[in-house]
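Everything on this sheet refers to the single structure shown next.
Bear in mind that the values in this text are calculations on the coordinates, not laboratory data. Computed from a predicted model, the values in this text were never measured in an experiment. No Cβ is skipped: glycine too gets one built from the backbone with ideal geometry, and neighbour counts run over all protein chains shown.
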Amino acid sequence: MLMKTRNRLIICLAVIGVIACLIVQGYIIPQNNYEKAQYITQQQNPSTHDLNSILKYKNKYMGNISNLSNLFYNLPLNNLGISFRLFPDKLTAEVNYKEAVWRINESDENKVNKALIYNSTAAFALIDNLEEIDYNFTGSSFKVKRADVEKWYGSNLSWLLTKDTWKNKVQDKLENYDFIKTCMGGMEIK
Amino acid sequence: MDVLRNHVENMFRSYKENKQIRELKNEILSNLEAKAADLAANGMEYNDAVNKAKDSITSIDHLIDVNIRVYINKYKLEYLQIVLLYSIIAWIVTIPLKIIGAGILINLLFFILSFIIGIFYFQLCRKEKVEYFSIESFLNIQRAYKIRKIAWILWLLFIVSSILLTTAVQFGSNIWFSRPVNISGPYQFAVMVLRYMLPFISIIFPLIINAAPKLILRYEVAYVDENQE
């Protein structure tokens, strides 16, 4: 009698197992993979980038190369080859992208401009003593100073680092062509 | 007489030496020697007499107190059923782990295990011959209890070491550098809890071993026959 009951239980569990496997393999895992892929794509776009993914890189000192490089590896344009150099005496970081601007801008003419404004804002808001960032692309360079970014958003940039403020004051503004033009004025040096 | 001594030693090879076993060995050996001598005295060739004495006793399992006569194939059938049940439960429990990419291999192993045991169990169930399920054999209940105890001790040791290992891997640097533990969200918390919980699935192994003494007693010939009457 006990064995018959156990046989029924085994059959029921086997059916439950097969159904659970089908749900997990056929629906949940593909859905998760799709969401992950979508999230990675969103991280390339300054307007949809996730602020939470970079908050952990808040640091007082720009001399921490691992913190700074990890920050840029979690910001838009991270899919390009990147290298870094620090000039602590000048409180300057050099970020080198191994790609030409025109190639990055093939899909959106303002892609590099938006990314540079966004990445600079994030870096100056998160790293307290960083004063200047020099961006080098193949064939062109850009220089951004803390003072420039403070002109766009006001002094003490760390007030921007909350979800709503970041969305309204930083991300949404990147849809404004005039704002981009103003920010980029004088940024390109070569 | 060395031939008879070797024969007796061979019959007792699976038993640990103790007072009862030693006495039994001596008694059987002296009986066999007496029998061989008696046969030789009645005109039989010495080697034939020794062989005849050897053939008169080929198993001593029924003479050991802790050996229980069981319907061995009924016992095997129910044991296989229990193993199959636990294996399927372990397979189902590990299915959700695939969502976070942990325990994929363990889940696959339990699936393969359940499948193979399922085939064996199904084949055994199809045997409807009464004679097949009437075959009797001896099982050592004391050994089954001992193995059960060892299995639980080993499992406890495994759990303690896996908890320590997981803690060392997860929080080793936090402990070493006295840094606070940072769990950034519910997903990370769930992953951490799962890392601790995953080794507990191995409880099915001591549970399977745990069933043996109970089944030996359930399929004891005397007990089954008494219940049938």
Worksheet item: Any residue in region B:36-54 that is hydroxyl-bearing (Ser, Thr, Tyr) and without any contact (Cβ under 8 Å) to a residue 12 or more places away in the chain?
Response: yes
Item to complete: Please note which helices (runs of 4 or more DSSP H) are completely contained in region A:1-111 and include at least 1 residues that are of a type in the set (Gly, Ala, Ser), surrounded by 15 or more Cβ atoms within 10 Å (Cβ to Cβ) and more than 14 Å from every other protein chain (Cβ to nearest Cβ).
Response: A:65-73
Worksheet item: With (1) touching a Ser or Thr at 6+ places or on another chain (Cβ under 9 Å); (2) surrounded by 19 or more Cβ atoms within 10 Å (Cβ to Cβ) as the list, and A:ILE127 as the residue in question, which single condition is left unmet?
Response: (1)
Worksheet entry | region A:1-53: number of residues that are in contact (Cβ under 8 Å) with a residue 60 or more places away in the chain and β-branched (Val, Ile, Thr) | 1
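Residue by residue, here is whether (1) within 13 Å of chain A (Cβ to nearest Cβ); (2) in contact (Cβ under 8 Å) with a residue 24 or more places away in the chain; (3) closer than 30 Å to B:GLU23 by Cβ; (4) surrounded by 19 or more Cβ atoms within 10 Å (Cβ to Cβ) holds:
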{"residue": "B:SER56", "(1), (2), (3), (4)": "no, yes, yes, no"}
{"residue": "B:VAL83", "(1), (2), (3), (4)": "yes, yes, no, yes"}
{"residue": "B:SER87", "(1), (2), (3), (4)": "yes, yes, no, yes"}
{"residue": "B:SER114", "(1), (2), (3), (4)": "yes, yes, no, yes"}
{"residue": "B:PHE122", "(1), (2), (3), (4)": "yes, no, no, no"}
Worksheet item: Taking the stated definitions as given, is A:ILE133 within 20 Å of A:ASN74 (Cα to Cα), assigned to a strand (DSSP E or B) and under 18 Å from the mean Cα position of the chain (by Cα)?
Response: yes
Fill in: Residues (touching a residue at least 60 places away in the same chain (Cβ under 8 Å) and within 17 Å of the chain's Cα centre (by Cα)) located in region B:124-151
B:SER137, B:PHE138, B:LEU139, B:ASN140, B:ILE141, B:GLN142, B:ARG143, B:ALA144, B:TYR145, B:ILE147, B:ARG148
